[in-house]
1. Just the number, please: Stokes-Einstein D of the stretch A:212-344 in µm²/s, Kirkwood Rh from C-alpha pairs, 25 °C, 0.890 mPa s.
2. Would you mind checking A:K474/B:K41; A:K383/A:K483; A:K470/B:K7 for any pair whose Cα atoms are more than 32 angstrom apart?
3. Could you work out how far the C-alpha centroid of the stretch A:475-500 sits from that of the stretch A:242-297, in angstrom?
4. Per residue, what volume in Å³ does the convex hull of the Cα atoms of the stretch A:181-234 enclose?
5. Just name one of A:I10, A:N190, A:G417: the one whose Cα is farthest towards the positive end of the charge dipole of the protein assembly as shown (beta-carbon charges, Lys/Arg +1, Asp/Glu -1).
6. Take the alpha-carbon positions of the stretch A:530-580, form their convex hull, and give its projected area averaged over all directions (one quarter of the hull surface) in nm².
7. Most exposed first by the Cβ proxy, i.e. fewest other Cβ within 10 Å, how do B:C50, A:C653 rank?
8. How compact is the stretch A:140-279 by the rule of thumb for globular proteins, expressed as Cα Rg over 2.2 N^0.38 Å?
Amino acid sequence: MGMEKVFTPIDIGTMTLKHRVVMAPTIHEMCYGGHPTEAYLAITDTYARSGVSMVCVGGATIDPGPTGDVFPNALSIASDECIFGLQRLAEVIKAQEAKACQQVYHPGRAAARYWAQSNPEMLPWGASANVPFMAAPKWEITKKDGKWHAVNVMPPAPVREISTAEIEQLVRMHVLAVLRARKAGFDAVNIHFANVTLVMDFISPYTNVRTDGYGGGWENRMRLPCEIIQATRAAVGKEYPLIVRIAADQGLGEAGIQLQDTLRYVVPRLEEAGVDAIDLSAGVLDHTPHKIIPPMYDARGCYLNHSEAVKKVTKLPVIVAGRLCDPRMIAKAVENGRCDVAALSRPLMADPLMPKKMIAGKPDDVRMCVACGYCMSEAGWTKYCAINAESARETSLPKVEPAENPRKVLVVGGGPGGMEAARVLRERGHDVTLCEKEAQLGGTLRIAAAAPLTREWRTFTRWHMQQIEKLEVKVRLGTEVTKELVEELAPDAVVIATGSVPSRDVPGADQPIVVLEEEVLLKGAVIGKKVVVIGGAFWDVETAINLADQGKEVTLVREAESISMDRLSPIRALPILFGMLQSKHVKPLFSTKVVAIEKNGVRVADNAGNASFLEADAVVLSTGRIPNRKLLDELRGVVADLHGIGDCVKPRCVADAVYGGRLVGARI
Amino acid sequence: MPAVVNKDICNGCAGLERQECIYNCPYEAIVLVDGKAVVDKDKCDECKICIEVCPVMAIVLE
């Protein structure tokens with residue numbers, strides 16, 4: 001790769017990391033009663049085998065009571081009983097010769113997420129009471145007047161300003177947690193003062209309006225974090241490595257912590273208090289989660305500007321996370337001194353072998369995280385990855401092992417599902433032919449990859465194509481598979497991954513002004529200026545924004561009350577809702593139904609039945625997709641070993657297609 | 001959709017110790033031509049780091 005500094009060691013206090021690529025602390029849940037499950041040990045083992053120089057186990061809560069209870073499946077370090085389970089985690093990591101680091105934190109306001117509704121007397125702890133916690137929605141499904149309704153019954157959860165006695169308790173809880181981590185065998189501790197921690201709420205002017213010595217001005221707001229570090233140092237001595245994680249910028253503008261504050265007040269005081277390294281995050285969970293976990297709209301390595309600035313004000317090693325998915329970028333950033341250590345969370349879910357591939361000088365072999373947010377969506381919340389079906393499924397997926405009986409397999413359809421099936425089948429030694437009816441591979445994902453907002457998808461298609469070529473899968477482009485062709489090829493097994501086609505189920509869809517997404521986003525069809533996008537698909541708003549970027553005046557019509565938070569995930573939905581819709585001049589019409597598409601526009605009606613007419617030069621359909629099942633249906637009874645995967649079974653998203661491909665690839 | 005430098009805005013990082021985009025590009029896709037940065041669209045991987053580091057915001061993705 002040419003850039004060697006990333007592979008040189010670095011000292012974090014008395015601990016030497018063998019190189020500059022580490023796992024960032026990642027919360028996976030997957031713990032019952034606060035203790036790690038076998039599945040959690042398995043996923044930790046995956047990261048330990050990745051080649052990183054340090055694995056950081058995600059946040060363990062330090063508070064044994066309800067005020068420390070952030071969700072049912074969270075890891076705990078709040079009592080000595082926790083040490084046994086944590087010791088197993090540390091062992092799993094150190095067995096692979098990686099350093100083991102445990103992150104510890106107090107969830108503060110976030111303790112409201114699950115239990116506060118039933119426990120009104122015990123309010124979650126806050127620096128002040130001025131900012132309630134905006135928990136994830138909780139849906140109550142009821143039937144009213146014969147119709148089903150889903151209502152979000154999760155109101156903002158009130159929090160309580162803690163007393164000075166409770167502050168002392170908080171300091172003590174941190175110290176005890178660090179001592180437990182050391183006893184469990186961890187080489188270092190990451191003390192969490194970012195993302196969703198009570199201590200960050202003390203640091204931030206947004207959440208701290210106290211009038212005692214712990215609030216009002218930077219000196220006072222930094223008092224608690226510094227006391228915690230000092231108390232921890234007093235207990236654990238100078239030698240034990242302490243890393244502190246902070247939000248370089250909360251993304252709240254002047255109201256919150258900004259980079260200039262971090263440079264001037266936060267980092268220097270923490271350095272003085274005695275930490276061994278600064279680990280940079282950003283954002284605040286219940287307001288700007290898209291700053292904590294930047295989506296594909298943001299640049300790769302988007303927080304390197306933070307670490308570069310912080311390195312100018314401290315002698316301590318600076319660790320940073322944030323879309324560090326690009327091996328060449330990581331190497332260059334370390335070479336140029338923009339950071340000392342690169343911390344990877346999602347990139348390791350996308351490719352747990354990324355560090356090993358970097359060390360082997362094979363950056364193109366890395367399956368780069370595209371920051372699609374699936375791991376943060378409703379569907380992906382246990383850290384499933386859209387492009388790596390094995391993530392968080394270590395104990396529930398058949399392994400990719402050589403086929404006992406190598407056979408001849410035909411895969412129909414070269415989209416993400418088909419390519420994944422072909423890749424896995426071929427890796428196992430089967431004789432694989434992949435047929436694709438278009439002139440190039442990629443399937444429906446090509447539409448997303450062609451659109452500026454979602455360009456990063458193309459790196460996944462590119463990786464798939466490279467792997468298929470390397471494995472010598474027989475690829476036949478421009479080949480539409482028919483029943484006759486199947487009979488002619490006579491494969492032992494067939495995988496159908498023929499995907500889906502756009503739905504046109506809207507009255508007036510045959511009007512001449514109607515245009516499909518793929519025509520305008522992929523095939524460059526020229527359309528007039530006034531565009532109405534008829535939505536329904538979870539990506540409809542992105543289509544609207546892409547068209548607005550082309551200079552169109554776009555109106556998005558959507559029956560739902562808002563954009564799809566569940567599938568897009570908050571990290572894509574929020575930047576759209578908070579800024580893009582306005583700044584890109586897309587006019588959203590939510591809770592609006594299409595009555596009919598007409599010659600010069602679209603007739604619509606709102607929930608009250610009030611009709612109106614939207615003039616349009618073009619109407620782009622983004623209502624969803626319907627399965628392309630013709631071949632699958634024709635071959636039933638004709639081919640004995642027949643499998644259908646992805647959209648042709650049921651249109652969903654890339655993650656389902658890739659999972660289907662990975663599963664069928666290991667089964668045949 | 002490679003990165004493209006606007007020649008009217010780019011000043012070749014005049015007065016600075018180096019050209020930030022060239023210095024930071026992981027794909028070595030940018031060169032100086034007549035004192036201004038130019039992106040080689042065959043090498044550009046659209047990582048957007050040049051857009052992030054340009055002090056005068058002269059670069060966009062095409």
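All of the numbers you see were taken from the coordinates with simple rules; none came from a lab. As the structure is a prediction and not an experimental result, all values here were calculated from the model. Cβ atoms come from the backbone with ideal geometry, glycine included; neighbour counts cover every protein chain shown.
1. Roughly 159 µm²/s, to the nearest whole number.
2. Numbers: A:K474/B:K41 30 Å; A:K383/A:K483 39 Å; A:K470/B:K7 40 Å.
Going by Cα-Cα distance, A:K383/A:K483; A:K470/B:K7 fall outside the 32 Å limit.
3. Cα centroid of the stretch A:475-500 versus Cα centroid of the stretch A:242-297: 53 Å apart.
4. Residue-normalised Cα hull volume stands at 89 Å³.
5. It is A:I10.
6. 3.3 nm²
7. Numbers: B:C50 29, A:C653 21.
Neighbour counts put them in this order, fewest first: A:C653, B:C50.
8. Normalised by 2.2 N^0.38 Å, the Cα Rg of the stretch A:140-279 equals 1.31.
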